[in-house]
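No lab work stands behind these numbers, since they all come straight from the coordinates. Treat the numbers as computed from the prediction; the structure is a model and nothing was measured. Methodologically, a virtual Cβ is constructed for each residue, glycine included, from the backbone with ideal geometry; neighbour enumeration extends over all protein chains shown.
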Amino acid sequence: MTQSQRRLGNMPAGIDALAFACPKAYIDLEDLAHARGVDPAKFTQGLGQRKMAIASPVEDTVTMAVDAGQQALKVFDIDPESIGTLIVGTETGIDHSKPVAVYVHELLGLSQRCRTFETKHACYGASAGLTASLDWIGSGRARGKKALVIASDIANYGLNTPGEPTQGAGAVAMVVSDRPRLLAIEPTTMGDYTRQVMDFWRPLYSKYAIADGHYSIECYLDALTGAREAALEQSGEVYGSIIACLYHVPFVKMAKKAHHRELECVLDRSLDLQSPNDLALFNESFDRMAAPWLDLNADVGNIYTGSLYLSLMDLLRQGHETHANQRLSLFSYGSGCCATYCLGTVAETAHQFAQLIDPQSMLDQRRRLNVSEYEEMIVASENAPSQTSLKPQDYGVHSGLSYVGTVDHQRRYVFM
Ligand code: HMG
């Protein structure tokens with residue numbers, strides 16, 4: 001057995017710990033629809049979304065990443081000294097030069113013998129970090145250490161835009177090790193896809209993402225076909241051997257469109273959802289393999305680079321013992337664009353952590369904003385980088401880490 005196939009039993013390296021953090025406030029999409037004069041069913045059924053996490057001025061990419069990172073280390077009893085690489089994937093960095101990761105490194109109390117960097121490729125950043133960590137472990141350079149990969153983002157398209165109902169904010173932290181207690185990732189059945197497209201981007205001068213929304217959906221689906229073909233080139237079809245298909249979820253309906261495309265790839269023909277037979281075939285497959293793991297995404301919104309892993313958390317929090325040693329697929333898409341399709345195997349121990357990783361009670365305690373509070377929060381957050389003194393209590397934040405203003409061009413953070 002080579003170093004690159006270092007295993008526990010016959011498990012390759014993968015995700016050993018998982019935790020989620022998000023802002024303490026949200027807006028209900030029915031409220032937003034009423035305010036925008038839109039039929040609420042467009043947001044709830046047409047897009048599949050229920051709620052959207054809204055970051056206050058004192059919550060940013062760093063605070064959410066630290067919150068998620070702390071939980072991952074604590075819940076899974078991981079010594080911070082054992083982290084040899086820290087990668088933060090984000091497209092909502094806080095500095096043109098300094099990575100979010102180096103703030104997170106200090107605030108989590110990680111060792112100075114830790115490599116630290118930020119990855120960016122729209123929603124693909126965390127997957128770039130995850131695959132780099134797997135390669136780092138596989139090469140032997142980790143020497144028994146683990147990697148901490150954190151996806152942290154705030155999606156902001158601006159008020160009254162078509163993208164507005166597809167915003168959100170949150171961070172997912174993953175510890176990657178050669179003894180994964182949650183999900184092993186198959187190193188050989190992995191395929192990538194890259195194409196330069198202008199489907200979604202954010203110029204340096206803009207606070208808002210610019211999206212060619214309908215085109216971005218096409219780009220996503222083309223990337224799914226391409227990455228999937230690349231992944232399965234040698235193994236052949238795997239659909240019959242997997243229990244779940246997990247997707248990048250900018251909004252829940254997108255995962256449904258992705259599953260439609262996935263099934264077309266499997267069947268090697270188009271599926272006509274007007275035909276009762278094809279519709280029944282699709283519904284059975286979607287309801288079994290994709291729909292059950294989309295609830296967290298529906299209640300949080302697009303967290304950009306963490307959204308695939310939020311769906312993974314939804315599956316794992318359900319704690320199905322029958323999932324042990326079963327395979328699933330993961331599709332990561334980042335606009336611009338880059339994508340990876342790969343397969344994972346649920347670890348024997350995964351179900352033991354179901355309750356510990358479930359963020360439901362935290363989500364239930366969030367504060368519901370009315371539309372004018374939401375609009376004020378968005379404007380205040382946009383102005384936050386130039387504020388010198390922010391009071392977390394003013395924004396309903398009473399615990400954890402907060403951004404409290406920028407003094408001498410340096411961002412300040414305080415634990416409460
Ligand atoms: P839109 O034009 O406002 O909406 O933009 P629409 O007219 O396409 O309607 C959306 C759906 O609602 C449609 O369903 C309608 O039929 C349905 P579909 O036909 O697609 O199945 N609908 C209704 N359903 C029930 N009752 C009604 C009703 N009315 C309409 N009354 C769009 C939607 C997603 C384009 C927009 O919100 C947007 O631009 N979002 C941002 C871009 C985005 O999320 N793209 C996704 C793919 S790219 C990606 O995933 C990468 C990304 O995460 C960024 C990154 O990588 O960093 C975005």
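Points to keep in mind about this one:
- Lys-Lys pairs in the chain that are eight or more residues apart or on separate chains and whose Cα atoms lie under 21 Å of each other come to 15.
- Rough spin-label spacing in nm, given labels placed 7 Å along Cα→Cβ, for ASP408 and GLU30: 5.2 nm
- DSSP bridge pairs, the chain: antiparallel proportion in percent, nearest 5: 70 percent
- Paired Rg and Dmax values of the range 200-330, which use every Cα atom, in angstrom: 15.8, 50
- Cα-Cα P(r), the range 68-183, percent of pairs per 5 Å interval: 2, 12, 22, 23, 18, 11, 6, 4, 2, 0, 0
- The share of C-alpha pairs in the range 250-314 whose separation exceeds 14 Å stands at 58 percent.
- The ratio of the alpha-carbon radius of gyration of the chain to the globular-protein estimate 2.2 N^0.38 Å is 0.93.
- Difference of contour (0.36 nm per residue) and Cα-Cα distance, LYS74 to SER235: 54.2 nm
- Computed over the alpha-carbon pairs of the range 302-394, the distance histogram in 10 Å steps reads 12, 29, 27, 21, 11, 0 percent, short to long.
- FRET efficiency for the pair ASP95 and PHE415, taken as 1/(1 + (r/R0)^6) with r the Cβ-Cβ distance and R0 = 25 Å, rounds to 0.75.
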